[in-house]
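The values are calculated or read from the model by the stated rules, or taken from the named source; none is laboratory data. Please read all numbers here as calculations on a predicted model, not as lab measurements. Don't worry about glycine lacking a Cβ; one is built from the backbone with ideal geometry, like all the others, and counts go over all protein chains shown. Just so you know, the surface numbers come from the protein's heavy atoms only, side chains and all, with ligands and any DNA or RNA stripped out. Shrake-Rupley method; radii C 1.70, N 1.55, O 1.52, S 1.80 Å.
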Amino acid sequence: MDQNHDANDSIEKFDLKVKSKPKYGVILQLHHTVRGRRIRFSSASFDDIHEKLACADNVGNIFILDFADLKFWKLASQGPCTALHFFPNKLDTLIVANKNFNIHFMDIESGSISFTLSGHSAPVKHISYSNSKMNNLLTASNAEAILWELTNYTKYFTLNTYSGAQIQQIMFTPAGDYLVSCFQNDTVQIWRHETMKSVKQIIPSELKHMKSIAFTMNGRAMAMAGLSPTLILFSMDTWKALVSIDLTKYNISGVQLVSFIPQVFDGGSNKILGVLSSDCILYMINVETLKVIHNICCESSGIRNFIVSPSGKYFLCILQLGEVNVYNTSCVLDLAKSSKDKVNVPSPAHIIPPYKIQSKNDLHTKLEVEKRMRTCMDSVRLRRILMQYGEYPEKFRSVIWRSLLVTPRNKIAYSTLVDKGIHTAFKDIERQFTIHSTITLKSLKRLLSCLAHWCPLFGVLKFLPGFVFPFVKVLHKDPLLLFECVATVLMNQCQLWFEYAPFPPLSILAIIENILAEHDQQLLDHYCELGITSQIYALKILETAFSEVLTCSEWLILWDHIVSNEPSFILMAVVSYNIIQKNAIRRLTTYKQLENFFHKQNPLDKKSFLKKAYYLLNETPEDIHPRRFLNSFISLDKGISYQQFSGYPKATICLKLARKERKKNKTERYTLKDLTTKSQEREIRSRLKNNESDNDSNSELSNDDNFGTEEKLYKNTRREAFQSHGDIVKRSVKDDLIESIMCPATVQLKRSKKVIKSNKREDISEKAESISKKNKKANQNNQLEKAVEKLLFNTSNTETSGT
């Protein structure tokens, strides 16, 4: 970036051009020229959250570079600047120390100063901010260091030095628990932040003329170096030296500055250490392998200083001529790896030739190509691609997930689970979900059944179908990969979810609540005022794997990052979603509104969401960090069977399954006494019906004596029929009693069938009786009509004879 203009009081923003294809990893070069005179840059500071960079020159001009909006602008000069630092707790606020020994809080948009701290007797060279709950600001010169309490902007503690033991470098540890300083007398002093009491003094005998110290992001290791060719790695856990490295074998005669270069996927235990030598060359040393992986030496000028962004995404080098080169870390590391590969040319066996499909009959072509792709895909390279582009290519997403999750492709073990068929718990799964595609439905049933056959726990979890459904939509074309991916996620990302099953995972919810309280106490207070618990703002998101609150593309991008990181990343993503949406959440004032909020898709800035998740992953204190409670990644075993899934209360789940099976198979059971009583009641009812029918027939035929003989015959036949029916009933009851005594275990089904048959017989007999009654009445009416006709005929004959 070149700028040639006069000083201007008004703030004007200019376009920023970043190299899309950086040469040697340099994405931006800064030069400042005023009236043909080049002014040198002296200090700089990164703001990773909002992707901003502040650079100050010797005159006092401060330039703000916004990599997100690709803009830059100049702030009004406040005098020569000695140190810069972005204020983490206030948006767009920059802490500026000038040569007047003052410390200004400056707004980077307007250039206005909101507050000024004074109290130093020498120019401030070091600014550090505590990430602990105390939120103190540390400013230091060579002569003294001052702790400022930012609640009321007052001095909290002052550390004075004496001649010969002035401060070389001082800073907080990443967690903010300790304050560490190295002095000119080659000693390192460590104080506890809360009490400011000295807890350790280190005097390395091998290290002379100490110049610089640096910490890993997790704060567990410290690097010390000076003008002597020695580098010491010190453990902050055991307070002992880990290793002493002789730098002469790297042709490094002395060190001016050291700083760890974080990588997103190293879990805070940074492996790459940047070392600025006395020869003004920047070396990158892998502290695990103790090898130099890359060095940067500018031809035009030597390197005077280098600064690394908090996340390690960028770093810059301030040259002795005053120029600034901004580097993309991933590009530099890729360049280092490619140059190493050129030096060590692989043998022909490792060179992969271009592959072409020879014919349609070659069935192994696709498998061979995928196998070779997996061998070429290094997890580190994949993660660099993810950080550069934000997501994996959709065409290769399934292959990349398979590589990152290390799925074993156990075809025999998977076919064994499939052969067991559809699990009884998921036979009617279509009643719970409206799935129009039969292919998706079959894939969902098959996946859930395999999980339930693999572990009984997954047959009783109500949220499991909703959790795995988005995976089915993405990976349904490869059922084996689908099962193994979901199983691996359940084993790693879902740790501690099932320790209280079927009840909510209290441990996970407590971890999320602690992280939210650490990073946004106001939002947590808002939840508490409305009676919202972590089961609403966290558990609902986890149980649906973010599918209810994110769109399809957002869900794929998020899970690209989840499977690429440690298991605790998914919990950080939950907290990040809440914090990013806090402006919308604070406008909701009822329990019902908030409950509905976490069941629908809301507008979301994907970039800010992921950036906040990584910030939480790297900046959360170790005492509440999920990685303290979760195990590291574990893949499925390769073989003829999968390993047993554990981590849930087996007794509780077995008891629930037994109760469920008992309710399903529960049938009505009768004792011998009950069966006898029921059979007797049926016989009594049938006899009463018979008696009533007999009384009705007697009353109908009492008016005519001519039909007495027919009535007697009818009664006799009815009596015989009822007697025979009663004998049959008695015999059946007797047989039931004998069979129930002899075979009490197997008689139940037969009895139920007999009861049904006897009921059917009674219905048939009742219908026959009603039909016989109707026929009988019809016959009686016919006979009566004939008798009346006969009587009339006789009377008419007697009348004619009389006449």
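Kindly indicate whether His526 is farther than 26 Å from Tyr577 by Cβ and more than 19 Å from the chain's Cα centre (by Cα). So His526 does not fit the description; no. Taking segment 57-76 as the range and being surrounded by 17 or more Cβ atoms within 10 Å (Cβ to Cβ) and under 43 Å from the mean Cα position of the chain (by Cα) as the test, the residues that pass are Ile62, Phe63, Ile64, Leu65, Asp66, Phe67, Phe72, Trp73, Lys74, Leu75.
Scanning segment 121-144 for residues that are of a type outside the set (D, E, K, R), in contact with a Ser or Thr (Cβ under 7 Å, 6 or more places away or on another chain), part of a strand (DSSP E or B) and over 17 Å from Ser42 (Cβ atoms) turns up Asn136, Leu138. Against the list (1) closer than 26 Å to Leu150 by Cα; (2) surrounded by fewer than 21 Cβ atoms within 10 Å (Cβ to Cβ), the condition Phe46 fails is (2). Just so you know, in segment 379-412 the residues that are closer than 22 Å to Lys21 by Cβ and charged (D, E, K, R) include one that is farthest from the chain's Cα centre (by Cα), and it is Arg381. Can you name the residue in segment 510-547 that is touching a Ser or Thr at 6+ places or on another chain (Cβ under 8 Å) and charged (D, E, K, R) and, of all such residues, is surrounded by the most Cβ atoms within 10 Å (Cβ to Cβ)? Taking the candidates together, the pick is Glu518. Restricted to segment 248-321, the set of strands (runs of 3 or more DSSP E) holding at least 3 residues that are under 30 Å from Arg628 (Cβ atoms) comprises 255-260, 272-277, 282-286. The residues of segment 188-236 that are over 35 Å from the mean Cα position of the chain (by Cα) and among the polar types (S, T, N, Q), listed by number, are Gln189, Thr195, Ser198, Gln201, Ser205, Ser212, Ser228, Thr230. Could you check, for segment 667-674, whether at least one of its residues is at pLDDT 60 or above, in contact with a Cys (Cβ under 8 Å, 6 or more places away or on another chain) and open to solvent by 80 Å² or more (accessible area, probe 1.4 Å)? No: zero hits.
Among residues belonging to segment 406-444 that are assigned to a loop (DSSP other than H, G, I, E, B) and among the small types (Gly, Ala, Ser), point out the one that is least open to solvent (accessible area, probe 1.4 Å). Filtering segment 406-444 for residues that are assigned to a loop (DSSP other than H, G, I, E, B) and among the small types (Gly, Ala, Ser), the one least open to solvent (accessible area, probe 1.4 Å) comes out as Gly421. Can we say Ala349 is at pLDDT 60 or above and part of a helix (DSSP H, G or I)? When the stated conditions are applied, Ala349 does not pass them.
Table: residues versus (1) open to solvent by 30 Å² or more (accessible area, probe 1.4 Å); (2) under 29 Å from Ile515 (Cα atoms).
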{"position": "Trp191", "(1), (2)": "no, yes"}
{"position": "Glu194", "(1), (2)": "yes, yes"}
{"position": "Lys197", "(1), (2)": "yes, yes"}
{"position": "Met210", "(1), (2)": "no, no"}
{"position": "Leu227", "(1), (2)": "yes, no"}
{"position": "Thr238", "(1), (2)": "yes, yes"}
{"position": "Lys249", "(1), (2)": "yes, no"}
{"position": "Phe260", "(1), (2)": "no, yes"}
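Are any residues in segment 476-487 of a type in the set (A, V, I, L, M) and open to solvent by less than 10 Å² (accessible area, probe 1.4 Å), and if so, which ones? Passing the criteria: Leu481, Leu482, Val486, Ala487.
Could you list, in sequence order, all residues of segment 145-169 that are open to solvent by 30 Å² or more (accessible area, probe 1.4 Å) and part of a loop (DSSP other than H, G, I, E, B)? Thr151, Asn152, Tyr153, Thr161, Tyr162, Ser163, Gly164, Gln166, listed by residue number. Across segment 550-564, not a single residue is classified as part of a helix (DSSP H, G or I), over 21 Å from Leu404 (Cβ atoms) and out of contact with any strand residue (DSSP E or B) (no Cβ under 8 Å at 6 or more places or on another chain).
Thr620 meets each of the listed conditions (1) hydroxyl-bearing (Ser, Thr, Tyr); (2) over 23 Å from Ala487 (Cα atoms); (3) modelled with pLDDT under 90 apart from (3).
Against the test of being open to solvent by less than 80 Å² (accessible area, probe 1.4 Å), of a type in the set (Ser, Thr, Tyr), farther than 30 Å from Leu451 by Cβ and over 18 Å from the mean Cα position of the chain (by Cα), the options Thr620, Thr590 yield a single qualifying residue, Thr590. Output yes when any residue across segment 632-655 is in a helix (DSSP H, G or I), touching a residue at least 12 places away in the same chain (Cβ under 8 Å) and among the β-branched types (Val, Ile, Thr), and no when none is. Yes, segment 632-655 contains at least one residue that is in a helix (DSSP H, G or I), touching a residue at least 12 places away in the same chain (Cβ under 8 Å) and among the β-branched types (Val, Ile, Thr).
Quick check, is Leu319 in contact with a Phe, Trp or Tyr (Cβ under 6 Å, 6 or more places away or on another chain), open to solvent by less than 10 Å² (accessible area, probe 1.4 Å) and among the aliphatic types (A, V, I, L, M)? For Leu319, the condition - in contact with a Phe, Trp or Tyr (Cβ under 6 Å, 6 or more places away or on another chain), open to solvent by less than 10 Å² (accessible area, probe 1.4 Å) and among the aliphatic types (A, V, I, L, M) - is not met. What's the total number of residues in segment 18-41 that are open to solvent by 30 Å² or more (accessible area, probe 1.4 Å) and modelled with pLDDT of 85 or more? So the count comes out to 2. Take the residues in segment 596-612 that are free of Cβ contacts under 8 Å to residues at least 60 places away in the same chain and within 21 Å of Asp525 (Cα to Cα); name whichever of them is surrounded by the fewest Cβ atoms within 10 Å (Cβ to Cβ). Ranking the candidates gives Asn596 first. Summed over segment 445-463, the residues that are part of a helix (DSSP H, G or I) and open to solvent by 30 Å² or more (accessible area, probe 1.4 Å) give a count of 5.
Residue-wise test of (1) of a type in the set (Asp, Glu); (2) at pLDDT below 90; (3) under 23 Å from Pro505 (Cα atoms).
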{"position": "Ala413", "(1), (2), (3)": "no, no, no"}
{"position": "Phe426", "(1), (2), (3)": "no, yes, no"}
{"position": "Ile435", "(1), (2), (3)": "no, yes, no"}
{"position": "Phe471", "(1), (2), (3)": "no, no, yes"}
{"position": "Leu480", "(1), (2), (3)": "no, no, no"}
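Condition test on Ala223, is it assigned to a strand (DSSP E or B), open to solvent by 60 Å² or more (accessible area, probe 1.4 Å) and among the hydrophobic types (A, V, I, L, M, F, W, C)? Judged against the criteria, Ala223 is not a match. Pull up segment 381-405, narrow it to residues that are in contact with a helix residue (DSSP H, G or I) (Cβ under 6 Å, 6 or more places away or on another chain) and not in a helix (DSSP H, G or I), then point me to the one that is surrounded by the fewest Cβ atoms within 10 Å (Cβ to Cβ). That would be Glu391.
Residue-wise test of (1) touching a His at 6+ places or on another chain (Cβ under 8 Å); (2) open to solvent by 30 Å² or more (accessible area, probe 1.4 Å); (3) at negative phi.
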| site | (1), (2), (3) |
| --- | --- |
| Gln78 | yes, yes, yes |
| His85 | no, yes, yes |
| Phe105 | no, no, yes |
| Ser110 | no, yes, yes |
| Ile127 | yes, no, yes |
| Ser130 | yes, no, yes |
| Met134 | yes, yes, yes |
| Leu138 | yes, no, yes |
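The residues listed here are Thr488, Thr440; of these, the one that is farther than 20 Å from Glu595 by Cα and modelled with pLDDT of 90 or more is Thr488.
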